[in-house]
1. Among what's in the stretch 22-59 and is exposed (fewer than 15 other Cβ atoms within 10 Å of the Cβ) and more than 18 Å from Lys76 (Cβ to Cβ), pick the residue that is farthest from the chain's Cα centre (by Cα).
2. In the stretch 6-35, what residues are closer than 17 Å to His59 by Cα and of a type in the set (D, E, K, R)?
3. Can you say whether Arg87 is modelled with pLDDT under 95 and surrounded by 14 or more Cβ atoms within 10 Å (Cβ to Cβ), as far as the supplied structure shows?
4. Give the residues of the stretch 44-89 that are within 15 Å of Val23 (Cβ to Cβ) and among the acidic types (Asp, Glu), sorted by residue number.
5. Considering only strands (runs of 3 or more DSSP E) fully contained in the stretch 1-74, which possess at least 1 residues that are of a type outside the set (A, V, I, L, M, F, W, C) and within 17 Å of His94 (Cβ to Cβ)?
Amino acid sequence: MTESFQVRALRVIDGAFGGEHHVFSLKWCESPNRCTFLVGPRLSTYDFAELSQLVVHCHDECVRGEISGGGPHRLKITLSHRDRKHRSPAMCAHPTLEQHVEQIRRGGSYAPLFDQLREEEK
């Protein structure tokens, strides 16, 4: 049995932001499995590296992360359940960080990555 989405999402929040007590307005939705929360107005990739940490932990936990406007001086982050392998990869598959970096560096379509995820499922 796989771990619940909530457990994986909380690990993402803990790894990227130091725990749920460091985010604002955490809300859970069961259908589809997702949560939203607010953070301060800036995320960065190296010093104060919450952006990089968010990306790495999302890939490690197989959780889709989305950043959008959250109001004055806030960013809204939505975490959604994903499967490592899925019949409809354009919608629900989630590669490992290594697979995703390789695809980005190659450029082009996601189709070869989705084909690879399908093949690994067999």
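The values are calculated or read from the model by the stated rules, or taken from the named source; none is laboratory data. Being a predicted model, the structure only gives us computed values, none of them experimental. When we count neighbours, we look across all protein chains shown, and the Cβ atoms used for this are built from the backbone with ideal geometry, even at glycine.
1. Restricting to residues being exposed (fewer than 15 other Cβ atoms within 10 Å of the Cβ) and more than 18 Å from Lys76 (Cβ to Cβ), the top hit is Asp47.
2. Correct list: Arg8, Arg11, Asp14, Arg34.
3. Numbers: modelled with pLDDT under 95: yes; surrounded by 14 or more Cβ atoms within 10 Å (Cβ to Cβ): no.
Against the criterion (modelled with pLDDT under 95 and surrounded by 14 or more Cβ atoms within 10 Å (Cβ to Cβ)), Arg87 does not qualify.
4. Residues satisfying the conditions are Glu50, Glu66.
5. Details: elements: 24-29, 34-39, 63-69.
Where strands (runs of 3 or more DSSP E) fall fully within the stretch 1-74 and carry at least 1 residues being of a type outside the set (A, V, I, L, M, F, W, C) and within 17 Å of His94 (Cβ to Cβ), they are 34-39, 63-69.
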